[in-house]
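Report on one structure; see the data block that follows.
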Amino acid sequence: MRLQQVILSYYGNAIKFTPAGGTVIVNLNLERNKNGKSFLTINVLDNGPGISKEGQNKLFKVFGYLEESRSKNKEGIGLGLYITKSIVTQFNGEVWVESEIGKGSTFGLFFELEKY
């Protein structure tokens, strides 16, 4: 259930911020190391407007706004990414974002599935 929640959070944001005709891709990768531990990596890629470095620093926090100079609108980032980070952290995982203005974004997460 928690896994579904984090995937839907990332996917929902990608859909929300990607313009009509854009692309959203979800990649899931399950790997097992030589010690038998399983790791899951999820990446959600989009070709939306991208997020500035300053904006990226506001992500995964309780609540904030992203305000890009090219837009008159403020885009709320709400609680979704904060909750996603909280869930992934409970599984001793990590979250991240890679983005560039005009080139889209990749939101990722990684955690061990050992006892889950």
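For the cross-link pairs K34/K103; K34/K58; K37/K85; K34/K61; K37/K61, the ones whose C-alpha atoms lie over 27 Å apart are K34/K103; K34/K58; K34/K61; K37/K61. At full extension, K16 and Q90 could sit 24.0 nm farther apart than now, given 0.36 nm per residue minus the alpha carbon distance.
Taking all protein chains as they are arranged and a probe of 1.4 Å, the heavy atoms of V97 leave approximately 30 Å² accessible to solvent.
Counted residue by residue at 0.36 nm each, then reduced by the alpha carbon distance between them, the extension gain from F39 to T23 reaches 3.1 nm. One decimal place: the segment V62-L113 gains 15.8 nm when fully extended, by the rule 0.36 nm per residue minus the C-alpha distance.
Each peptide among 13-22, 32-41 gets the average number of other Cβ atoms lying within 10 Å of its residues, and from highest to lowest they stand as 13-22, 32-41.
The values are calculated or read from the model by the stated rules, or taken from the named source; none is laboratory data. Fair warning: this is a prediction, and the values are worked out from it, not measured in the lab. Reconstructed Cβ throughout: ideal geometry from the backbone, glycine too, with neighbour counts over all protein chains shown. Ligands, DNA and RNA are excluded from the accessible area calculation, which covers all protein heavy atoms including side chains. Shrake-Rupley method; radii C 1.70, N 1.55, O 1.52, S 1.80 Å.
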